[in-house]
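What follows draws every value from the coordinates through simple rules; no lab data is involved. Quantities reported herein were computed from a predicted structural model and do not represent experimental measurements. We place every Cβ from the backbone using ideal geometry, glycine too, and count neighbours over all the protein chains shown.
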Amino acid sequence: MSPTWTLLWYRLLALCQLTLGRQEAALICFDRMLEIDASSLYALSSRAHLKAQLEDRKGALQDYARLTALPQARAADFFNQGFLQEASGQLEAAEQSFRRAIELNDQLDRAWFGLGLVLIQQSRLDEAITALKRNTQLQPMSPHAWYELARIHVKRQEPEEAAKIIRHLQGFEPKVAAQLARETGINGSPV
């Protein structure tokens with residue numbers, strides 16, 4: 001069988017194994033695919049994702065490092081790598097991964113959010129605000145970046161800015177607005 005057909009066969013077999021809940025068997029299929037084509041984006045990203053699901057963070061990060069070293073790596077690959085790096089406490093590496101994801105796709109709202117979270121953890125709040133505001137432009141109805149922005153404003157002793165965000169959230173995410181008001185002691189009423 002030609003390498004192309006063999007790769008296709010293992011890809012289908014991996015999908016069947018995943019459908020049956022047999023993750024370890026699917027990993028073997030991805031391993032075989034990588035023996036045939038070590039630079040297979042599909043096999044590397046699938047194996048990395050599956051390893052992350054199986055809580056093999058170290059193995060997943062190794063696969064993402066291989067994947068993102070390839071010239072054809074995609075923005076989503078860098079985002080996924082950054083997500084795992086941030087979860088592992090590798091903040092500088094995560095920042096670089098998120099920034100690379102954004103370079104490849106400025107519209108990737110998740111990368112802007114991840115970058116914002118990493119910058120918050122590094123106490124780089126001005127930069128975090130910029131990243132989170134970009135996320136809110138791309139995902140205006142998602143409360144997560146709004147929530148983090150309000151927390152930054154509270155930390156910076158800017159209650160009026162936090163109150164504006166709480167009022168904004170009350171219009172489409174009243175539960176999140178109420179939680180934020182409880183946590184901050186700011187009710188969002190006009191000052």
Excluding same-chain residues fewer than 8 positions from residue 164, which aspartates and glutamates have a Cα within less than 17 Å of its Cα? 148, 173, 183
Give, as a single signed number, the net charge of other residues whose beta carbon lies under 12 Å from the beta carbon of residue 127, with Lys and Arg counted +1 and Asp and Glu -1. +2
Where nothing but the Cβ of Lys and Arg (+1) and of Asp and Glu (-1) is charged, how large is the charge dipole of the chain around its Cα centre, in debye to the nearest 20? 260
C-alpha long axis of helix 41-53 to longest principal axis of the chain, angle in °: 60
Just flag the chymotrypsin sites (Phe, Trp or Tyr not before Pro) in region 94-191 sitting in loop per DSSP whose Cβ has no more than 13 other Cβ atoms within 10 Å. 172
So how tilted is helix 125-138 from the main axis of the chain? Cα-based, degrees 0 to 90, rounded to 10. 70
Two decimals, Cα atoms only, Kirkwood Rh: what is Rg/Rh over the chain? 1.11
Stokes-Einstein D for region 45-152 (10 °C, 1.306 mPa s, Kirkwood Rh from Cα pairs), in µm²/s, comes to 115
Which of the pairs 155/175; 51/175; 133/155 have their Cα atoms more than 23 Å apart in this structure? 51/175
Note the angle between two axes, namely the Cα long axis of helix 75-87 and the longest principal axis of the Cα atoms of the chain, as a number of degrees from 0 to 90, rounded to the nearest 10. 70
